[in-house]
Structures are given as structure tokens and as C-alpha cells.
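The values are calculated or read from the model by the stated rules, or taken from the named source; none is laboratory data. This is a predicted model, so every value here is computed, not measured. As a convention, Cβ positions derive from the backbone with ideal geometry for all residues, glycine included, and neighbour counts pool all protein chains shown.
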Amino acid sequence: MSRKVLLSSLNIRLCIVFVSMLAIMSVFELAKQVFDPDITLWESHAITIVFTSIIAVIIMFFPLRSSYREHQISREALRHQMETDEKLQRSKAQYRSFVESVEDSIYTVDPDLRYLLINTRHLTRRGLLPDAYAGKCYGDFHLPEETAVFTALVKQVLESGRPVQDEYEQDGRYYHRKLTPVTDPATNAVVAVTAISSDITERKNTEKVLESINRKLSLMNDITRHDMLNQLTVLSSYLALAGEQPGTPAAMRYLAKSEQVIDTIHAQICFSRDYQKIGVESPLWQNVSVTIRKACLLAKTVPVIIDERCAATEIFADPMLEKVFYNLIDNAARHAGSKTEIRFVILDEPDRLLLVCEDDGRGVPEENKEKIFLKGFGNNSGLGLFLIREILAISGISIRENGTEGKGSRFEIAVPSGSFRKTLLPEHFQ
């Protein structure tokens, strides 16, 4: 009870007491005159004052004590309410601070899918302003198919009262979403649903890499066992023939062919060493320009021109991406000559990125454009371009040759959305 209300109640009580005292005094004076006509005026007033004072004290004491107790109770309740409100505001601030500090998207909807809360991370991801979701529903910002899936999940949470989770793809990225119920403490009924969405694109990309490891290990075993045994058989035959005709020109030819077989076995051993590394380490983000420049240090000395946009682009690929660029440069040098000019250019497309490697050599015949990526095809080891395709396939990147014969080779490396990103241009590439 407030002080103003307490004073008003006290004034009313005082008026009642004053009127009551006047009435009692009048009645008492009449009674004295009736029962004792000889009593003096001063005696009469003295008795009246004492009597009415006692009555007034009785009338005032108990109501005032009750009012004081009510005031104490009200003041304690008000203090408790203020402390509760303060704690609630502090708790809200702490909760909001937590919601805004995490990297995940967090949003809460009511049973009609109207937004009650959205953190800044989710607003940024959806490209919304802070007040854009006020009064809006989930379907106002999502496709009908996405809304239907989300509606079914929310309904499941509302009916079961238990969390549910799922994974979905959006704009080329993968997300894990967990929906948890928000209950009313008084009724324990589910009144809203909170969704926490985490970006798991890199994890999904890594899972794809691990899925291909067994296949690649099996293929490597086939290469090291079957191909090398065949080459050793050929080598043994050449050495036997050379031994039958020592010192003759034929023997020298057999020995020369034996050296070629040894070179082939060496190339296969090197290939096996490189191939077994594919998928062993998780893919990582690699700057295109930096990786190409590292490959240039190992490849033959040929002019290599790198588009400046390569310096501002990173690709999520196997750590052996450097080997891809090395083999492309080495392949161009072998077939187009050491004086050829090799160019790496980036082309942006709506749903992917194209990294083009082209030269001004003689190009690839139309009938061989797909064959060059097969294991064993070609005049050299026949493993370089095959290795390139295998390394890129680890992270969902493809490669094809679409140059014009007689004008040069042109290899297109297609990087899907989610496996490339733009970065700030480093100072030393500006």
C-alpha cells in the first residue's frame, strides 16, 4: 500500500473517531444529567474527556496497527517485486548477450511460426535489418519447400515436447538445425520453439573426402601390385634377351628398353607415393596464387602468368592441390615446349568458379579430350592428369579439357559453390 493511500485511510478514520467522540460526549452529558443532576460542570467535562479519550484510543489503536502491518507487508512485497524485476532484466540481458555472442543462428517462433526473437548472426546470414522480422513469419523469408519442412519440425516439437534436429542445404552450404521447446513454467505447456542452426559445410566436405579413401587405397594397391609386376616381367624379359646376345647391338637395344622400363617403374612408385597422400589429410583453404607459385618452383622453367584475382581467391581442396598445378605446368611444358606461355585465369559464374589453365601449344585432339584423364593414357607415364582429376575430386572439384586443337590446351577446373571464397588482396600481390 502506498503512503498516499495510507494517509487517506488515516484521515477517514480520524473523521469517524471525531464524529463518534462528539456523539458519545453528547449522549454521556445527557446521561449524567439524568442520573446525577447535582454533578458540577467541571466534573462532568472531566469525566467526559477521560471516557471519550479511552474510547478514542481503543478506536484508533487497532485500525492503525492493522494499517501499519498492511503497509509493511505491501512494502516488502513491492521490494520483492522490484528485486524480481531487476533479476529478470539482468537475466534477459545475459541471455541476449549469450545469443548474440555465438556463431550459430538462433531464432524463436510461436506455434504460428511468427518470429519472437532472432539473433544478429541469423539476421546477417539472411540479409535482414534488425527490425525486419517484427510481426513476420518464417514463410515470409523462406521458400515454400523450406517452410513446409520447418513447419513439420515445429509441429513435432509442439506435440512431443522434445527436441528434434535435422540437416539441410541452403545456398550451397550445409547446416545442422536443432529445435527445442520453450515451455510455460506455470502450465508446462510448449508455447514456442527455439531453433539453433550451425554451419557444417566444412564438416560435410571432410566427410565426402573420407568416403573416397577406401576406394583410392584399393586403386593404389592395384597400381602398385598389377602394373609394377607387369613392368618387372617386361624388364626380366629384356634383361634375359640382352644376356643371350652380349655385346651386340640388339643387346644394347634391350638394355635401353630396360632403362625405359625402370623409368616407368620409378614413375609408378612416385605416383603411388603421391596417390596414397590423397585424402589422408583433411581438405583446407588454400590461396590459389600462392599455391600456383609454389608449384612453379618445382616445375620446369616456363613462363607462367597468374591472373590477379587468383591472389584474392581461396579454394577448399586436398593439401595436394599444389601437385595439381605442378602437373598442369609440367604437362604443358612437355607437350607444348619450354617456350610456351601458361596462363591461370579465374572466371566467375553464378553457381561456381572456373579456374582456367591454358597454353599456346598444339592442343589436344577432340577424340582424346576425355582419354587424357584415364590412367596409363599418353606417351609419358600416363598418370599425371589422372592424378589431377583424383586430387580435385576429393572436394567435389571437376576438370575438363576444352581447348582448340592447333591453338593450345585449355583446362577448366570447376569449383562448386561452398568450396571457394574471396579474400582481401594481399599486399604483395597488389
Item to check | Qualifying positions in region 138-177 - surrounded by 13 or more Cβ atoms within 10 Å (Cβ to Cβ) and aliphatic (A, V, I, L, M) | outcome: Val149, Leu153, Val154, Val157, Leu158, Val164
Next on the checklist: Cβ contacts < 9 Å: first residue in contact (Cβ under 8 Å) with a residue 60 or more places away in the chain, restricted to region 347-366; second residue of a type in the set (Phe, Trp, Tyr), any location; separation 6+ or different chain. Result?
Outcome noted: Arg352/Phe420; Leu353/Phe420; Leu355/Phe344; Leu355/Phe411; Leu355/Phe420
Checklist entry - Could you count how many residues in region 280-292 are of a type outside the set (Val, Ile, Thr) and modelled with pLDDT under 90? => result 4
Checklist outcome for this item: Out of (1) assigned to a helix (DSSP H, G or I); (2) modelled with pLDDT of 80 or more, the one Arg273 does not meet is (2)
Next on the checklist: Looking at region 113-132, I want the residues that are outside any helix (DSSP H, G or I) and have a partner that is at pLDDT below 75 with Cβ atoms under 7 Å, at least 6 apart or on another chain. Which pairs are those?
Outcome noted: Asn119/Val99; Asn119/Glu100
Checklist entry - Just a yes or no: is a residue in region 204-220 at pLDDT 80 or above and in a helix (DSSP H, G or I)? => result yes
Item to check | Tally, over region 384-423, of residues that are of a type in the set (D, E, K, R) and out of contact with any Lys or Arg (no Cβ under 8 Å at 6 or more places or on another chain) | outcome: 5
Checklist outcome for this item: Considering only strands (runs of 3 or more DSSP E) wholly within region 331-430, the ones with at least 1 residues that are surrounded by 14 or more Cβ atoms within 10 Å (Cβ to Cβ), out of contact with any Ser or Thr (no Cβ under 8 Å at 6 or more places or on another chain) and at pLDDT 80 or above are 342-349, 352-358, 398-401, 410-416
